1. Quick check, is V134 part of a helix (DSSP H, G or I) and within 30 Å of D21 (Cα to Cα)?
2. Being surrounded by fewer than 21 Cβ atoms within 10 Å (Cβ to Cβ), under 30 Å from E142 (Cβ atoms) and of a type in the set (S, T, Y) is the filter here, so list the residues in segment 52-84 that pass it.
3. Given the conditions (1) in contact (Cβ under 8 Å) with a residue 12 or more places away in the chain; (2) among the charged types (D, E, K, R); (3) open to solvent by 70 Å² or more (accessible area, probe 1.4 Å), which single one is not true for D118?
4. Take the residues of segment 86-106 that are out of contact with any Gly (no Cβ under 7 Å at 6 or more places or on another chain) and among the charged types (D, E, K, R): which is nearest to I43 (Cα to Cα)?
5. What number of residues in segment 85-101 are in contact with a Phe, Trp or Tyr (Cβ under 6 Å, 6 or more places away or on another chain) and loosely packed, with under 15 Cβ neighbours inside 10 Å?
6. I'd like to check something: does segment 85-105 contain any residue that is touching a Pro at 6+ places or on another chain (Cβ under 9 Å), assigned to a helix (DSSP H, G or I) and within 30 Å of A140 (Cα to Cα)?
7. Only residues that are over 22 Å from the mean Cα position of the chain (by Cα) and under 30 Å from A18 (Cβ atoms): list them for segment 71-109, please.
Amino acid sequence: QQYAVQASSETNLDGYPAIADSIAHLSSELENLAGYRVSGSYIFSGTLTTTSPYDAAGNYQGNNSAIEIPMDEGNLRINFIASDLFGESGVGGPMDVLERLEAALRAGDSDAVQAINDDIQAAITTNGTNIARVGSRREALENADIRIENKKVEIASRAADLGSADMAKAISDAERLN
């Protein structure tokens, strides 16, 4: 957003090429982030984890399927879809906004730069919502981890209680009852 504001406040268009170069750099960083892998799997391609989220033209090529893990209260979706986070070239979202902003700057179109500010704000708002979703999913996973650790302690305690029982006496008592 700072680049769009900076470009909007430029009194002449001389600064536009440098700002466009900065936008191009941001776009490249966003594309690299969208293609992020963990253990060789793409994390933003839905369940198509061997498929890059975007083709060379910026079109989303993953799917919208969720990767879920079972939790006490139901399944928890653990993945995000790249097109939801980053958008898609020519369709909308941050990638599209950055492409349009760069093109407007390179064309010296100050009206288009001004018009894109609202789209940038919308992308920032969506990003904030997605960050909140990541936080709530992380909290759910951390709470599940705590419950698992508590169960481990409980099971170990029960096992210790059973182990300390006098098994010979228990067998002898059971035989007398028969």
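1. no
2. S65
3. Among (1) in contact (Cβ under 8 Å) with a residue 12 or more places away in the chain; (2) among the charged types (D, E, K, R); (3) open to solvent by 70 Å² or more (accessible area, probe 1.4 Å), D118 violates only (1).
4. E99
5. Of the residues in segment 85-101, 0 are in contact with a Phe, Trp or Tyr (Cβ under 6 Å, 6 or more places away or on another chain) and loosely packed, with under 15 Cβ neighbours inside 10 Å.
6. Yes, some residue in segment 85-105 is touching a Pro at 6+ places or on another chain (Cβ under 9 Å), assigned to a helix (DSSP H, G or I) and within 30 Å of A140 (Cα to Cα).
7. Hits for segment 71-109 are R100, L101, E102, A103, A104, L105, R106, A107, G108, D109.
Listed here are the residues, each with its yes/no results for (1) at pLDDT 85 or above; (2) surrounded by 12 or more Cβ atoms within 10 Å (Cβ to Cβ); (3) touching a strand residue (DSSP E or B) at 6+ places or on another chain (Cβ under 9 Å); (4) not polar (S, T, N, Q).
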position: A103; (1), (2), (3), (4): yes, yes, no, yes
position: E142; (1), (2), (3), (4): yes, no, no, yes
position: D145; (1), (2), (3), (4): no, no, no, yes
position: A159; (1), (2), (3), (4): no, no, no, yes
position: L162; (1), (2), (3), (4): no, no, no, yes
position: R176; (1), (2), (3), (4): no, no, no, yes
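The values are calculated or read from the model by the stated rules, or taken from the named source; none is laboratory data. Quantities reported herein were computed from a predicted structural model and do not represent experimental measurements. Note: ideal-geometry Cβ built from the backbone for every residue, glycine included; neighbour counts use all protein chains shown. These accessible areas exclude ligands, DNA and RNA; they are computed on the full protein's heavy atoms, side chains included. Shrake-Rupley method; radii C 1.70, N 1.55, O 1.52, S 1.80 Å.
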